[in-house]
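Asker: Can you keep this structure in mind? I'll have questions shortly.
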Amino acid sequence: MEKRVKLKDGSEVLIREMREDDIDRSFAFFTALPEEDRAYLRVDVTKREVLRQRIQEMVAGRTLRLVAVVDDQVVADGSLDLPTHGWTKHVAELRLIVARPFQHKGLGMLMARELYGLAAAIDVEEIIVEFMGPQVGPQNIFKKLGFHQDAVLTDYVKDISGAKQDLVLMRCSLDSLWQKLSDYMTDSDWQRTR
Ligand SMILES: CC(C)(COP(=O)(O)OP(=O)(O)OC[C@H]1O[C@@H](n2cnc3c(N)ncnc32)[C@H](O)[C@@H]1OP(=O)(O)O)[C@@H](O)C(=O)NCCC(=O)NCCS
């Protein structure tokens, strides 16, 4: 998929599937993130090898990954880790990160909408998102999208400084996600300019 969208400030962004040749753009995006936004990411995305592995997972079909691009630079990265088999084969895991200068402009919601579309096309029924305990702001944003907290594993994961943190699991049915996204896009003034 490839789609040009307008943000709340009127600027244009291209949302498209990530490509194998995006590794340098992706590296530039992740290394420019403030440490605060990187602190709770699951893997060290400032290592090219890690980014290469993520692209391989995408090529192998285990992950669907979208990027938002402005002036040939990645400004947001969103993914769905796909279930392959077993008990949770109807559940996908969503991850989303928007560059600071592009936050609060509706890009997170637009990326979520495109990721929703990808999930709906492959019969995913439910989406989960995992956070570390201190990520209260993003947890609140995902509540707006219809996610609810379903489990907390105390001191289960370590952040990049090695400190143990709670793992917070939030989940949402695909139907609820679509409802919230539709309400959000309809209620917003910005809808009229898109
Ligand atoms: C979570 C994240 C992706 C949201 O992206 P975004 O582009 O800023 O989100 P949007 O502009 O689409 O905002 C959507 C809604 O969330 C709310 N929101 C946005 N930032 C917020 C904040 N810091 N605190 C509280 N609410 C906020 C707004 O109310 C907005 O609704 P509005 O348009 O009615 O004001 C972004 O904050 C981010 O990249 N955070 C760091 C990475 C992370 O924690 N990812 C989540 C775990 S996978």
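The values are calculated or read from the model by the stated rules, or taken from the named source; none is laboratory data. This structure is a prediction, so every number in the text was calculated from the model and none was measured. Cβ coordinates were reconstructed from backbone atoms using ideal geometry, including for glycine residues, and neighbour counts include every protein chain displayed. Areas reflect the complete protein model, heavy atoms only, side chains present, ligands, DNA and RNA absent. Shrake-Rupley method; radii C 1.70, N 1.55, O 1.52, S 1.80 Å.
Asker: May I ask for the equivalent-ellipsoid semi-axes of the stretch 87-189, computed as the square root of five times each C-alpha gyration tensor eigenvalue and listed largest first in whole Å?
Answerer: 24, 18, 12
Asker: Sticking with this structure for a sec: With springs only between Cα atoms under 10 Å, which of A39, A163, A112 fluctuates most in a Gaussian network model of the chain?
Answerer: Fluctuation is largest for A163.
Asker: How much length is gained if the chain between H90 and I23 is pulled fully straight, taking 0.36 nm per residue apart and subtracting their Cα-Cα distance, in nm to one decimal?
Answerer: Once the chain is fully extended between H90 and I23, it gains 21.2 nm.
Asker: Might you tell me the accessible area per residue for the chain, computed with a 1.4 Å probe and given in Å²?
Answerer: Working: 10630 Å² over 194 residues.
The answer is 55 Å² per residue.
Asker: May I ask you to give the average projected area over all directions of the convex hull of the Cα atoms of the chain, in nm² rounded to one decimal?
Answerer: Numbers: hull surface 42.9 nm².
It is 10.7 nm².
Asker: Taking springs between alpha-carbon atoms closer than 10 angstrom, which of Y40, Y156, Y184 fluctuates most in the Gaussian network model of the chain?
Answerer: Answer for the Gaussian network model of the chain: Y156.
Asker: Still on this model: Can you send over the carbon and sulfur percentage of the accessible area for the chain, probe radius 1.4 Å, protein chains only? Please list the in-between numbers first.
Answerer: Values: 5150 of 10630 Å².
Answer for the chain is 48 percent, counting heavy atoms of protein chains only.
Asker: Taking the stretch 61-119, which chymotrypsin sites (Phe, Trp or Tyr not before Pro) meet the DSSP loop condition and have no more than 12 other C-beta atoms within 10 Å?
Answerer: W87
Asker: Note the full-extension length gain between D123 and Y156 as 0.36 nm times their separation in residues minus their Cα-Cα distance, in nm to one decimal.
Answerer: Result: 8.8 nm gained on full extension.
Asker: Moving on. In this model, which of K8/K144; K8/K89; K47/K180 are farther than 25 Å apart at the alpha-carbon?
Answerer: Violating the 25 Å limit, Cα to Cα: K8/K89; K47/K180.
Asker: Starting from the Cα of K3, step 7 Å along the direction of its Cβ; do the same at R62; then give the gap between the two resulting points in nm.
Answerer: 2.8
Asker: Which FRET efficiency, nearest 0.05, do A39 and E12 yield, Cβ-Cβ r, R0 41 Å?
Answerer: So the FRET efficiency works out to roughly 0.85.
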